[in-house]
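J.: Before I ask anything, let me first share the structure, which is written out below as structure tokens.
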Amino acid sequence: MPMPFSVIAEAFEKLERVTARTQMLLYLVELFKKTPAEVVDKVIYILQGKLWPDWKGLPELGVGEKLLIKAASIALHTSEHYLERLAKKVGDIGKAIEIVKSEQLKKTGGRAPGLLAFMSKPGPTGESTLTVERVYETLAKIAMAQGEGSRDIKLKLLAGLLAEASPKEAKYIARFVEGRLRLGVGDATIMEALAVVYAGSAAMRSIIERAYNLRADLGTIAKIVAIQGVEALKNIKPEVGMPIRPMLAERLSDPSEILKKLGGKALIEYKYDGERAQIHKKGDKIWIFSRRLENITHMYPDVVKMALESIKAEEAIIEGEIVAIDPETGELRPFQVLMRRRRKHDVHVAMEEIPVAVYLFDTVYVNGEDLTLKPLLYRREKLASIINENDTWQLAKGTIVSDVEALEKFFLQAIEDGAEGIMAKAIHDKSIYQAGARGWLWIKYKRDYKSEMADTVDLVVIGAFYGKGRRGGKFGTLLMAAYDPESDTFKSVCKVGSGFTDEDLEKLPEMLAPYIRDTKPPRVDSTMKPDAWVEPVLVAEIIGAELTLSPVHTCCYGWAKSGAGISIRFPRFIRWRPDKSPEDATTTKELYEMYLRQLKRLEEES
Ligand code: ATP
């Protein structure tokens, strides 16, 4: 049975209005119950505001605002100018299209006016016969139309779709095309809804999550669970060409505590300050995925060449850090230098100016063998056995230690050599690769341990305030939040107004513009009300003097003390982290643990 597109449009209308995450979950469950198993992947991609996972590297829709207005004007037989003006007045083109379409339907008793009347099938009440399959296929065709004449093809297809749609459907199609769906639905909530519908209980989310961690394509995973049931997900292995969600580290700033946590003995490695790269190889094809699982292969032709020359296995998935190096001395250069590569248009020029080296630290798959459940030293040996090392392609520098002095010495050497600190990793029997999870099997120990706040944190922008004085009328302070995976929400931690350069401030309005909202986004949890709400998307690294209790912030509210959350005193902006997604931000649990450690330290000192 095909699925009417109206089901999606109705669900979106409800989702758009929710203010609580529990309500969002209910609506998603309702939507999935009405979704035939064969199209659940498409419904999920549309919910995520995309046609396919980003890492596929397939073209985007390629429809700008102008083309959308033109298509709408053809479909509605209205002037572009009128639509543009109306869109300005009501806030967006989608809404404008919906209004015009509804009025026309009222006048014409169900049929769209003008030349395209013969194409439009809506009945007297404005119901359309559009299906999810047809909308998706048409949008995919629009995206795939490339090169000469593609603009006309895109225009025709989109106009046809908008003509055929009901007013409400047309609104969401237009918003999807514009990349402005902004439903604020997170992956974790989608997985929970899938668990309820297809696995019988929200508790089964962990099985779906494990499968998603090994193959980062929620559409495909949903289709497997919907068609074959949850049992089928239990046997999923990583697959070359499909990114696996990265394993992450906890943080500590006390070496003896680090060793204790890891069972007295650990592999310690340099923590290189560059870009994480998940490198996949199959025959003579190479893929490189970023920490956020974007396909960044095209940005690193030099790394592709190194991988082809130096990975001996036919099929492999390995992980390492790409670091900028000084071409003269081979010394490591900081993260910011590497990020300059992203800004250069000509990758070959960038490659010349900013050469890189790759330091490899793990492997999760080699020639059909899933290594994720194998202990670290087994994986490390496997990694060593399938690569040839040279100056710019090496195993991460590491050693096994069991005493604090040796760890400290290695740490100081790492800093001296330009690394950010060290990664200490468990090597016992259970030291598996925990895809997609932050856990105590890996612990990072970073350089900025001397400041009172032991480490920087990564927080998500959820709001903005207008500045005063020199910054009057412009955004000068941001409201920042930590991620709470349990509730899949972003909880406020602090307001940050210092640390920005004039250039940072200058760029703020443009950076924030696409994410500004009139009302609080549903996944944001904050009692403090900013001048403008911001959809939780942008991540920034923040440092402060110390963690404090605060009655106004919702992060860890009531955890350390009733009536108080955890906040940061004198927070300072350090840098943007475009390589992190909001769900990669520091979690509420991590902040709480940092707070407890700080308390312990203060107690010991006094
Ligand atoms: P950070 O903000 O400190 O870079 P993160 O949140 O990106 O951390 P974490 O898991 O906390 O990720 O820290 C591990 C990160 O450090 C990895 O994502 C990787 O990019 C980098 N890294 C550098 N050297 C190593 C190494 N030897 N082993 C593992 N990760 C390393």
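J.: Select from the stretch 424-439 the residues that are within 10 Å of the ligand (Cβ to nearest atom) and at pLDDT 95 or above and write down the one among them that is nearest to Glu257 (Cα to Cα).
T.: That would be Ala424.
J.: Pick out the one residue from Leu377, Leu383, Leu407 that is in the same structural domain as Lys282 (by TED's automatic domain parsing), in contact (Cβ under 8 Å) with a residue 40 or more places away in the chain and within 28 Å of the chain's Cα centre (by Cα). I'd like the intermediate steps shown before the answer.
T.: On the way: Leu377 fails: within 28 Å of the chain's Cα centre (by Cα); Leu407 fails: within 28 Å of the chain's Cα centre (by Cα).
Going through Leu377, Leu383, Leu407 in turn, just one is in the same structural domain as Lys282 (by TED's automatic domain parsing), in contact (Cβ under 8 Å) with a residue 40 or more places away in the chain and within 28 Å of the chain's Cα centre (by Cα): Leu383.
J.: Something else about it: Filter the stretch 411-423 for residues that are within 14 Å of Pro255 (Cα to Cα) and modelled with pLDDT under 95; which is nearest to the ligand (Cβ to nearest atom)?
T.: So in the stretch 411-423, the residues within 14 Å of Pro255 (Cα to Cα) come out as 411-412, 421-423.
Checking which are modelled with pLDDT under 95 leaves us with 411-412, 421.
Details: Phe411: 13, Leu412: 17, Gly421: 8 Å.
In this case the residue turns out to be Gly421.
J.: Does any residue of the stretch 59-70 turn out to be without any contact (Cβ under 8 Å) to a residue 24 or more places away in the chain and more than 30 Å from Trp287 (Cα to Cα)? Give the steps one after another, and end with the answer.
T.: So the first thing to find is which residues in the stretch 59-70 are without any contact (Cβ under 8 Å) to a residue 24 or more places away in the chain, and the list is 64, 66.
With more than 30 Å from Trp287 (Cα to Cα) added as a condition, the list becomes 66.
For the stretch 59-70, residues without any contact (Cβ under 8 Å) to a residue 24 or more places away in the chain and more than 30 Å from Trp287 (Cα to Cα): present.
J.: So which residues in the stretch 493-551 are without any contact (Cβ under 8 Å) to a residue 60 or more places away in the chain, under 22 Å from the mean Cα position of the chain (by Cα) and within 25 Å of Arg597 (Cβ to Cβ)?
T.: Selection gives Asp525 alone.
J.: Let me spell it out: the conditions are (1) surrounded by 15 or more Cβ atoms within 10 Å (Cβ to Cβ); (2) in contact (Cβ under 8 Å) with a residue 60 or more places away in the chain; (3) part of a loop (DSSP other than H, G, I, E, B), and Met423 meets all of them except one. Which number is the exception?
T.: Met423 satisfies every listed condition except (3).
J.: So, in the stretch 320-356, how many residues would count as being among the acidic types (Asp, Glu) and under 20 Å from Arg291 (Cα atoms)?
T.: Kept after step one, since they are among the acidic types (Asp, Glu), are these residues of the stretch 320-356: 321, 326, 328, 331, 346, 352-353.
Among the residues that remain, those that are also under 20 Å from Arg291 (Cα atoms) are: 321.
Here the count works out to 1.
J.: Could you identify the single residue in Tyr365, Tyr359 that is away from the ligand (no atom under 16 Å from the Cβ), surrounded by 18 or more Cβ atoms within 10 Å (Cβ to Cβ) and not in a helix (DSSP H, G or I)?
T.: Working: Tyr359 fails: away from the ligand (no atom under 16 Å from the Cβ).
None of the others qualify; the one that does is Tyr365.
J.: Residues Glu257, Glu231: which one is surrounded by fewer than 18 Cβ atoms within 10 Å (Cβ to Cβ), in the same structural domain as Leu373 (by TED's automatic domain parsing) and away from the ligand (no atom under 16 Å from the Cβ)?
T.: Details: Glu231 fails: in the same structural domain as Leu373 (by TED's automatic domain parsing).
None of the other options fit; the residue is Glu257.
To keep it simple, each residue is scored yes or no on (1) away from the ligand (no atom under 12 Å from the Cβ); (2) within 22 Å of Gly436 (Cβ to Cβ); (3) without any contact (Cβ under 8 Å) to a residue 60 or more places away in the chain; (4) surrounded by fewer than 22 Cβ atoms within 10 Å (Cβ to Cβ).
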| site | (1), (2), (3), (4) |
| --- | --- |
| Lys237 | yes, yes, no, yes |
| Met242 | yes, yes, no, yes |
| Leu248 | no, yes, no, yes |
| Tyr270 | no, no, no, no |
| Asp273 | no, no, no, yes |
| Ala277 | no, yes, no, no |
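J.: Within the stretch 543-551, identify whether any single residue is crowded, with 24+ Cβ neighbours inside 10 Å and at pLDDT 95 or above, and answer yes or no.
T.: no
The values are calculated or read from the model by the stated rules, or taken from the named source; none is laboratory data. These numbers come from a predicted model, not from an experiment. Note: ideal-geometry Cβ built from the backbone for every residue, glycine included; neighbour counts use all protein chains shown.
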